[in-house]
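Please treat every number below as a calculation from the coordinates, not as lab data. None of the values given here were measured: they were computed from a predicted structure. Backbone-built Cβ (ideal geometry, glycine too); neighbour counts: all protein chains shown.
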Amino acid sequence: MHVRAIAILGATGSIGTTTLSVVRAHPSRLRIAGLAARSRWRELVGPAKEFGVGVVALADPAAAAEARASGAFPAGTRILEGLAGLTEVACLPEVSVVVSAVVGTAGLAPTLAALKARKDVALASKELLVLAGKFVTEAARVSGARLLPVDSEHNAIHQLLRAKPKGDIARLVLTASGGAFRDTPLADLRHVTPDQALRHPNWSMGPKVTIDSATMANKGLEVIEAGWLFDVPADRIDVVIHPQSIIHSLVTLADGSLQALLSPPSMAYPIQDCLLFPERLPCPAPRLDLAQALTLGMTPPDPARYPCLGLARAAAATGGTAPAVFNAANEVAVEAFMAGKLPFTGIAELVGRTLSAVTAREPAALDEILAADAESRLIASGLAPGLGL
Ligand code: NDP
Ligand code: MG
């Protein structure tokens, strides 16, 4: 039996550790060849031992030096550092699937390198498609590597679209939980705290994506992500609030009927789909208990509650570097909110002002996108204090 070797970028995070639990459940199908993170090397010692991992990379060189000096890793484990180290892990000859789960855009270069080396990429880092969708999808197309979506909505759509002719698909429908403040009175949103925003009703995720769920910037990023993954324009991608997070997304077919994919809200399901595709084996996560009453609700999102969604749609319609501007401004805004320097409602305000301040261009090369990203961060950082608490 062929055992797939996996490399995980972002191995210490929420997606990274769930990936480890999926690999643990299927030792006859999956193994870990390489692990990478930013600095939390202590969290990698256990997995390195458990899975007999040959190569570990830490983006932060000081952390890599500490990890080497500690003697905590098995004698045979190589410890690499920096972006070059992450790229080496992603391109290890034996690796067939790279799980790209670094938060933000720091995983761009290693992910592009993996695609160019014809590694399949299980993509959790939606920010990479928002920033550089043109170049990421092109790298996959040129080499023939597969881009497999980990994001639960996109994974659901990927499953629903398999073996369907493109002409059968009329629209895509992304479901959204509505995040931590779905039912908070609008007038109170200005005063909600990071702690409250981090209490997601259904999903346990890293802090950035949890805040993005509360603003629905996450769903905005996902509309743009879906556009690149499925080659569908944003105006044919709908969003509905589905508070139970059991329907992971839907497709509307040409005849008007809809198909949905249901599973419990655990990222183990989409991660396993990416790693074992096309094989189906029992997933190491709870099942839906249909002996219990199950209510599935759907309501349209209120634009006044979730202005980031409209801003993302505007950026998608502008195209070019505008989605990169949206993403960069949102990252700056979330950081400022987490640091207590921006009110919750300031996130959308800062993103909107940055989008107005930076002129979008059609990028001919990746460098132009990276320049737009850097410019937007600078402008957003300059505007943030003016919107402060
Ligand atoms: P976490 O915050 O839990 O983990 C982030 C990971 O990225 C950590 O392993 C961290 O390493 C690593 N990292 C951060 N910066 C760098 C860097 N500069 N270089 C290398 N590694 C770095 O995030 P999540 O797992 O929640 O999210 C990861 C991605 O998956 C995000 O893009 C998110 O949008 C997406 N996603 C997540 C979902 C979820 O359920 N969590 C659902 C759908 C998508 P260290 O620990 O050393 O800092
Ligand atoms: Mg999602």
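Annotations for the structure displayed:
- Computed from point charges on the beta carbon alone (+1 for Lys and Arg, -1 for Asp and Glu), the dipole magnitude for the chain about its Cα centre is near 700 Debye.
- J(HN,Hα) series, the range 60-68, from Karplus relation 6.51 cos²θ - 1.76 cosθ + 1.60, nearest Hz, glycine and proline x: 8, x, 5, 5, 5, 4, 4, 4, 5
- Qualifying trypsin sites (Lys or Arg not before Pro) in the range 118-206, DSSP loop, other Cβ atoms within 10 Å at most 12: Arg162, Arg199
- Fluctuation leader among Pro185, Pro323, Pro286 - the chain, Gaussian network, Cα springs under 10 angstrom: Pro185
- Percentage relative contact order, the chain, counting C-alpha pairs under 8 Å, at least six apart: 14 percent
- Each of Leu378, Ala140, Ala234 was scored by the projection of its Cα onto the charge dipole of the chain, and the greatest displacement toward the positive side belongs to Ala140; charges sit on the C-beta of Lys, Arg, Asp and Glu.
- Normalised Debye scattering of the range 285-389 at q = 0.12, 0.21 Å⁻¹ gives log10 I(q)/I(0) of -0.49, -1.00, counting only Cα atoms as equal scatterers and leaving out solvent.
- Projected area averaged over orientations for the range 73-175, convex hull of C-alpha atoms, nm²: 8.2 nm²
- Within the listed set Gly310, Gly167, Gly46, the residue fluctuating most in the Gaussian network model of the chain (springs between alpha-carbon atoms under 10 angstrom) is Gly167.
- A crude spin-label estimate for the pair Asp60 and Glu94, with each label 7 Å from Cα along the Cβ direction, gives 2.9 nm.
- Debye log10 I(q)/I(0) for the chain, one point scatterer per Cα, at q = 0.06, 0.07, 0.10 Å⁻¹: -0.22, -0.30, -0.64
- For the chain, built as a Gaussian network whose Cα springs stay under 10 Å, the top-fluctuating residue of Thr210, Thr193, Thr17: Thr193
- Equivalent ellipsoid semi-axes, the range 48-117, via Cα gyration tensor eigenvalues times 5, rooted, Å: 21, 15, 9
- With the alpha-carbon atoms of the range 4-150 aligned to their principal axes, the span from lowest to highest coordinate is 42, 35, 26 Å, starting with the largest.
- Per-residue ellipticity at 222 nm from helix content only, as computed over the chain with -39500 (n - 2.57) for each DSSP H run of at least four residues, stands at -14000 deg cm²/dmol.
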